[in-house]
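The values are calculated or read from the model by the stated rules, or taken from the named source; none is laboratory data. Everything numeric here is computed off the predicted structure, so don't read it as measured data. Cβ coordinates were reconstructed from backbone atoms using ideal geometry, including for glycine residues, and neighbour counts include every protein chain displayed.
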Protein chains: 2
Amino acid sequence: MTDRESPWLSDDQQTAWRAWLALNGELPALLHRRLQADSGLSLPDFEVLVQLSEADEPRLRVSPLAAALGWERSRLSHHLKRMEGRGLVGREECEDDGRGAWVTLTDAGRRAITQAAPPHARVVRELLFDDLSADDLAVITRFTTGVLERVRDAAGPASASRPARPA
Amino acid sequence: MTDRESPWLSDDQQTAWRAWLALNGELPALLHRRLQADSGLSLPDFEVLVQLSEADEPRLRVSPLAAALGWERSRLSHHLKRMEGRGLVGREECEDDGRGAWVTLTDAGRRAITQAAPPHARVVRELLFDDLSADDLAVITRFTTGVLERVRDAAGPASASRPARPA
DNA sequence: CCAACCTACGTGACACGTCATCTATTCCGC
DNA sequence: GCGGAATAGATGACGTGTCACGTAGGTTGG
């Protein structure tokens with residue numbers, strides 16, 4: 001029922017959008033502070049450690065790890081350097097491919113993620129999901145994944161419905 | 001129907017949560033790149049300019065502006081310095097209160113926000129709202145505002161159900 | 001009236017992200 | 001094999017965000 005010609009949002013949409021923006025800022029901030037206080041990990045640290053600890057193999061290459069995280073490789077590279085400095089992950093040379101590197105989970109890393117995960121998951125569940133019906137969860141999931149897909153379509157093609165930026 | 005004792009998320013909750021996390025990273029990134037390409041503004045720049053251009057008065061004090069944005073004052077202070085450097089905002093001394101400062105919208109700032117807002121709003125509408133029913137929008141809004149409220153409750157009290165961090 | 005306190009705002013140090021670019025390898029066509 | 005393109009990953013510069021703290025100006029109880 002929205003007017004497809006106007007660029008503006010309806011009042012209801014404004015309300016939803018501003019709430020989303022606010023949540024988008026405040027929820028990660030809260031999770032980050034809790035994580036930091038409980039275990040000294042940052043939210044990005046946590047994500048990396050989750051991937052490493054859930055992996056089938058005991059060590060991962062950088063690029064697949066970046067893909068699994070949905071991160072740019074350079075971001076991961078920067079972050080791994082910091083995490084290595086704090087002893088959470090290790091690096092090994094890759095014999096098969098001289099360019100490559102293995103990322104490993106150190107004992108300290110495994111200890112950190114083991115300790116940090118339960119309270120983190122509990123907070124997420126309490127804040128987001130505990131009072132949510134299955135129907136509403138389905139609506140949220142459908143909405144979120146749908147938007148995500150459109151975002152990726154819009155970002156990926158490099159030339160979509162954009163004003164034609166020839167370069 | 002979730003098990004309130006377990007810290008873990010159900011599979012459906014996991015799906016929703018991971019999609020939310022991914023969206024949370026990728027949507028602002030896309031909006032930022034669009035805004036940057038269209039008008040040279042960053043997303044935070046945009047938010048500041050929206051507040052300034054929508055304000056009743058022609059100039060705002062720093063603290064109320066920070067509150068309206070939901071930002072920490074020091075963050076706003078840093079950001080205003082950068083925006084001032086790029087000519088988007090100006091600062092004036094406050095006569096009433098020697099500690100205070102006024103933030104003003106420069107002509108360049110007004111021009112930038114006027115030019116940037118329509119395409120930005122259109123992208124938001126296309127990505128999030130165009131194919132969303134009124135019922136679903138209501139579900140989303142209720143969910144988002146509910147979570148936001150719980151987040152603020154959890155963040156604000158400084159001493160809530162946390163492990164009691166005495167000093 | 002003044003010392004203690006509070007408030008408004010700024011700053012410095014550091015973590016995080018992105019972009020552009022670099023180096024070292026591998027791959028691939030000839 | 002060999003020369004150029006592609007790939008793996010690292011790096012430097014810069015904008016952004018947080019935390020801890022500093023400073024200057026107001027406020028208030030004795």
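Do we find that B:W8 is surrounded by 17 or more Cβ atoms within 10 Å (Cβ to Cβ) and more than 10 Å from DNA strand C (Cβ to nearest atom) in this structure? Reasoning before the result, please.
Details: surrounded by 17 or more Cβ atoms within 10 Å (Cβ to Cβ): no; more than 10 Å from DNA strand C (Cβ to nearest atom): yes.
For B:W8, the condition - surrounded by 17 or more Cβ atoms within 10 Å (Cβ to Cβ) and more than 10 Å from DNA strand C (Cβ to nearest atom) - is not met.
From the list A:L132, A:L127, pick out the single residue that is touching a helix residue (DSSP H, G or I) at 6+ places or on another chain (Cβ under 8 Å) and in a helix (DSSP H, G or I). Before you say what the answer is, go through the steps one by one.
Numbers: A:L132 fails: in a helix (DSSP H, G or I).
Within the list A:L132, A:L127, the selection yields A:L127.
Taking the options B:L88, B:L27, name whichever one is free of Cβ contacts under 8 Å to residues at least 60 places away in the same chain and either assigned by TED's automatic domain parsing to the domain that holds B:A108 or near DNA strand D (Cβ under 10 Å from one of its atoms) (or both). Give the derivation first.
Numbers: B:L27 fails: free of Cβ contacts under 8 Å to residues at least 60 places away in the same chain.
One residue alone meets the criteria, B:L88.
For region A:52-69, give me the residue count where each residue is within 14 Å of DNA strand C (Cβ to nearest atom) and surrounded by 15 or more Cβ atoms within 10 Å (Cβ to Cβ).
Restricting attention to region A:52-69, the residues satisfying the condition of being within 14 Å of DNA strand C (Cβ to nearest atom) are A:61-63, A:65-67, A:69.
Applying the additional criterion that residues be surrounded by 15 or more Cβ atoms within 10 Å (Cβ to Cβ) yields A:61-62, A:65-66, A:69.
Total meeting the criteria: 5.
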> Out of all the residues in region B:31-40, is one or more outside any helix (DSSP H, G or I), crowded, with 18+ Cβ neighbours inside 10 Å and within 12 Å of DNA strand C (Cβ to nearest atom)?
Replying inline: no
> Does A:P28 fit the bill of being at the interface with chain B (Cβ under 10 Å from one of its Cβ atoms) and in contact with a Lys or Arg (Cβ under 6 Å, 6 or more places away or on another chain)?
Replying inline: no
>> I'd like to verify a number: residues in region B:77-92 that are more than 7 Å from DNA strand C (Cβ to nearest atom), among the hydrophobic types (A, V, I, L, M, F, W, C) and part of a helix (DSSP H, G or I), how many?
In response: 1
